[in-house]
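Values quoted throughout were computed directly from the atomic coordinates according to the rules given, and no laboratory measurement underlies them. Predicted model only: the values in this text are computed from it and were never measured. Please note: Cβ atoms are built from the backbone with ideal geometry, for glycine as well, and neighbour counts cover all protein chains shown.
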Amino acid sequence: MTINYIIKNVLSWDNKPIVKIGTIENIEGTPDSVSKALAFLGRKCLDFIDDREHAAFKKSYRIEIVPVNHPQWEFQLHISAENWFDMLKLKTLKRKIWC
């Protein structure tokens, strides 16, 4: 059985408070393949949040599965704006210290 999903190579949060984790190629696939894809993408999402570098994102987040081009759906992590701005400020301060 083939699980049809794509994982993003780089999980980026610098440009907006949405992290695109990956894409499920066919949301209308078999229940078994779709549930495995959702579980795998969910694990990737939680791994991202559990990373010490992204610890502030744990405070508040929302996971969404958003239609892109049906039957293709995207798995997204939405970070609260407050936490996102705090992390951007921290990242900027770290750059200034190391430069």
* Structure fact -> Non-local residues with an amide H under 5 Å from the amide H of S80, with H modelled 1.01 Å from N and Pro and chain starts lacking one, are S60
* Asked: Under 5 Å between amide H atoms, partner at least 5 residues away or on a different chain: which partners does Y5 have, H built in plane at 1.01 Å?
  -> E25
* **Computed over the chain: relative contact order in percent, which uses C-alpha pairs under 8 Å that are six or more apart** => 30
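Which entries in the list K58/K91; K44/K96; K20/K94; K36/K91; K20/K96; K20/K58 go over 26 Å, if you measure between the two C-alpha atoms of each?
On the way: K58/K91 17 Å; K44/K96 30 Å; K20/K94 24 Å; K36/K91 34 Å; K20/K96 28 Å; K20/K58 16 Å.
From the list (K58/K91; K44/K96; K20/K94; K36/K91; K20/K96; K20/K58), the Cα-Cα distance tops 26 Å for K44/K96; K36/K91; K20/K96.
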* Placed amide H near I21: partners under 5 Å, 5+ positions off or other chain -> F75, Q76, L77
* To do: With θ set to phi - 60°, apply the Karplus curve 6.51 cos²θ - 1.76 cosθ + 1.60 along the stretch 48-54 and write out the HN-Hα couplings as whole Hz, x wherever there is a Gly or Pro.
  => 4, 5, 6, 4, 3, 5, 10
* Karplus-derived HN-Hα couplings along the stretch 37-44 (A = 6.51, B = -1.76, C = 1.60, θ = phi - 60°), whole Hz, x at Gly and Pro -> 5, 4, 5, 5, 5, x, 5, 4
* Asked: To the nearest 20 debye, what charge dipole does the chain have about its Cα centre, counting +1 at the Cβ of each Lys and Arg and -1 at the Cβ of each Asp and Glu?
  -> 580
* **Range of Cα positions in the chain per principal axis (Å), largest first** => 50, 24, 22
* Structure fact -> Whole-Hz Karplus couplings 3J(HN,Hα) for the stretch 66-81, θ = phi - 60° and coefficients 6.51, -1.76, 1.60, Gly and Pro as x, run 10, x, 9, 8, 3, x, 8, 10, 9, 9, 10, 10, 9, 9, 4, 4
